[in-house]
Amino acid sequence: MQQLELIRAIPKAELHVHIEGTFEPELMFEIAQRNQIAIPYKSIEEIREAYNFHNLQSFLDIYYAGAAVLIHEQDFYDLAWAYFKKCHEDQVVHTEIFFDPQTHTERGVAFATFFNGFMRACADAKTQFGISSHLIMCFLRHLSEEAAFETLAQAQAFKDDIIAVGLDSSELGHPPEKFERVFAEAAQQGYLLVAHAGEEGPAEYVWQALDVLKVNRIDHGVRSEEDPVLLERLRAEAMPLTVCPLSNLKLCVVDDMQQHNIQRLLQQGLCVMVNSDDPSYFGGYMNDNFIAIAEALNLSNEEIKQLAINSFNASFIDSDQKTKWIEKIQQL
Ligand code: ADE
Ligand code: ZN
């Protein structure tokens, strides 16, 4: 099979996507107008022109500003539904979606408002496209431990529909250990655990995510390569790293896609896979990410298949589902 055809046809799971990061300028403009919220851009083109990031913080400033136009349940539904349409185009058959409650509750939007919008879109994606999904609630790490505990309490009524808690936002200066107690409490309550670590932050933050937070997956984790002992631990435990190539390029975690380490990590036997992170901001969805690394790193078809297999192995779906999808990939 031609490689482009394989990339398009292969079933994939997405494990690292922020729903607020799928907000396309066209939809942002439309929702801002219907909610009569002023944004500092006169046109869709101006929004796109503002996407000139040089690090994580310069991106986050624009990302939080964009999310501020989301007010009503329908806004959150529209946001998530637009993402599911992209999944359908890209043959993403399962997705585990991050959402940032504090980005919305801090503006006075009730937990039920965004959560019900997301849930309704997830249900429609299942019936209309056959796409399965989970929701992962992230704590903003630039905010306090106390604020994270408050968010955990607000989520109580929705707990059965949230598979895991995560940790995102500004990494440097906000090490995982800051959230040790809230992650322990979340585990007690039955949540699975993930955390962003080793994106801009050092390998030390990945150690903390493993040993202090006791996560089931590391989000990003690409800077683990700086520590061979850590790499061996990740390999031995088959600890997934949810790698996001176009994000790393756009936020200058790597200077050039040809220098991206996803292929090296894969070849060393780590459980890495491809994800889009904030696709509206970083230049592409799942298949765009696959195409970018396949071209830059000259990936083989076998490597593409292994990345897709890893995405299901690292997902939080049950083992029958994993087997079903992995067998389909192996037949391609
Ligand atoms: N929030 C949205 N995208 C993020 C990223 N790549 N890193 C940390 N926080 C984020
Ligand atoms: Zn992320």
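For (1) within 16 Å of ligand 2 (Cβ to nearest atom); (2) more than 26 Å from Glu146 (Cα to Cα); (3) surrounded by 15 or more Cβ atoms within 10 Å (Cβ to Cβ); (4) acidic (Asp, Glu), each residue gets a yes or a no:
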residue: Ile10; (1), (2), (3), (4): no, yes, yes, no
residue: Glu49; (1), (2), (3), (4): no, yes, no, yes
residue: Glu89; (1), (2), (3), (4): no, yes, no, yes
residue: Val93; (1), (2), (3), (4): no, yes, yes, no
residue: Thr105; (1), (2), (3), (4): no, no, yes, no
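Would you tally the residues in segment 241-255 being under 22 Å from Cys138 (Cα atoms) and either away from ligand 2 (no atom under 15 Å from the Cβ) or in a loop (DSSP other than H, G, I, E, B) (or both)?
3
Go through segment 256-282 and count every residue that is among the charged types (D, E, K, R), more than 16 Å from ligand 2 (Cβ to nearest atom) and in a loop (DSSP other than H, G, I, E, B). Let's see the steps before the verdict.
Taking segment 256-282 as the starting set, the residues that turn out to be among the charged types (D, E, K, R) are 256, 264, 277-278.
Filter again for more than 16 Å from ligand 2 (Cβ to nearest atom), leaving 256, 264.
Next, only the ones that are in a loop (DSSP other than H, G, I, E, B) stay: 256.
The number of residues fulfilling the criteria is 1.
Take Ile71 and decide whether it is more than 16 Å from ligand 2 (Cβ to nearest atom) and in contact with a Pro (Cβ under 6 Å, 6 or more places away or on another chain). Working first, answer last.
Working: more than 16 Å from ligand 2 (Cβ to nearest atom): yes; in contact with a Pro (Cβ under 6 Å, 6 or more places away or on another chain): no.
In short, no.
Out of segment 19-35, which residues are open to solvent by 10 Å² or more (accessible area, probe 1.4 Å) and either away from ligand 1 (no atom under 16 Å from the Cβ) or not charged (D, E, K, R) (or both)? If you could, list the steps in order and put the result at the bottom.
Taking segment 19-35 first, the residues open to solvent by 10 Å² or more (accessible area, probe 1.4 Å) are 24, 26-27, 29-30, 33-35.
Of everything in segment 19-35, those that are open to solvent by 10 Å² or more (accessible area, probe 1.4 Å) and either away from ligand 1 (no atom under 16 Å from the Cβ) or not charged (D, E, K, R) (or both) turn out to be Glu26, Leu27, Phe29, Glu30, Gln33, Arg34, Asn35.
Looking at (1) surrounded by 21 or more Cβ atoms within 10 Å (Cβ to Cβ); (2) within 16 Å of ligand 1 (Cβ to nearest atom), find the lone condition where Phe115 falls short.
(2)
Six or more apart or on different chains, Cβ atoms under 6 Å: show the pairs whose first residue is in segment 147-170 and closer than 14 Å to Phe118 by Cβ and whose second is aromatic (Phe, Trp, Tyr) and assigned to a helix (DSSP H, G or I).
From residues that are closer than 14 Å to Phe118 by Cβ, the pairs are Phe158/Phe115.
Of everything in segment 129-146 that's touching a residue at least 12 places away in the same chain (Cβ under 8 Å) and assigned to a helix (DSSP H, G or I), which residue is farthest from Phe316 (Cα to Cα)?
Glu145
Only one of these is open to solvent by 60 Å² or more (accessible area, probe 1.4 Å) and within 16 Å of ligand 1 (Cβ to nearest atom): Arg223, Arg181. Name it.
Working: Arg181 fails: within 16 Å of ligand 1 (Cβ to nearest atom).
Answer to the check: Arg223.
Please verify whether Ile62 is closer than 25 Å to Thr151 by Cβ, in contact with a Lys or Arg (Cβ under 9 Å, 6 or more places away or on another chain) and either among the aliphatic types (A, V, I, L, M) or open to solvent by 10 Å² or more (accessible area, probe 1.4 Å) (or both), treating the condition exactly as stated.
Details: closer than 25 Å to Thr151 by Cβ: yes; in contact with a Lys or Arg (Cβ under 9 Å, 6 or more places away or on another chain): no; either among the aliphatic types (A, V, I, L, M) or open to solvent by 10 Å² or more (accessible area, probe 1.4 Å) (or both): yes.
Spelling it out, it is not the case that Ile62 is closer than 25 Å to Thr151 by Cβ, in contact with a Lys or Arg (Cβ under 9 Å, 6 or more places away or on another chain) and either among the aliphatic types (A, V, I, L, M) or open to solvent by 10 Å² or more (accessible area, probe 1.4 Å) (or both).
The values are calculated or read from the model by the stated rules, or taken from the named source; none is laboratory data. Computed from a predicted structure; not experimentally measured. Note: ideal-geometry Cβ built from the backbone for every residue, glycine included; neighbour counts use all protein chains shown. Ligands, DNA and RNA are excluded from the accessible area calculation, which covers all protein heavy atoms including side chains. Shrake-Rupley method; radii C 1.70, N 1.55, O 1.52, S 1.80 Å.
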